[in-house]
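Only one structure is covered here, and it is reproduced in the block below.
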Amino acid sequence: EVWSPGQDAYLEVSSCSNCEDFQARRMQLRFKDRDGKNRFCQTLNGSGVALPRLFAALIENHQQPDGSIRIPEKLQPYFGASEIR
């Protein structure tokens, strides 16, 4: 989640859930264990990253009075800059 001052709330940007065997039972998705017994698989459910929300939060939280955006130190190697003008 990221803080969005414009929404005055935290917004979800990604999720990952351990569905255990719920989805596998619905799909009848099985595997054979070492003893040859059929078992239901364990599944994970994950979403991609909501990049527009991430960028909006970055701008909202790091925009400077002159309109530039200060890039957090940990993100600077990926941006290749310390600010956006």
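Each label point was placed 7 Å from the Cα along the Cα-to-Cβ direction; for residue 37 and residue 79 their separation is 5.5 nm. What is the angle, in °, between the Cα long axis of helix 51-62 and the longest principal axis of the Cα atoms in the chain? Nearest 10 is fine, range 0 to 90. Approximately 40 degrees, to the nearest 10. With helices as the sole contributors, the chain gives -6500 deg cm²/dmol at 222 nm; each DSSP H run of n ≥ 4 counts as -39500 (n - 2.57), and the sum is divided by every residue. Computed over the chain with a Gaussian network model linking Cα atoms closer than 10 Å, the most mobile of 54, 75, 11 is 75. With distances taken between every two different alpha-carbon atoms, the chain has a Kirkwood hydrodynamic radius of 16.3 Å.
Laboratory data are not the source of any read-out in this text; all were calculated from the coordinates shown. Because the structure is a prediction, the values reported are computed rather than measured. A quick note on method: Cβ atoms are made from the backbone with ideal geometry, for glycine too, and the neighbour counts reach across all protein chains shown.
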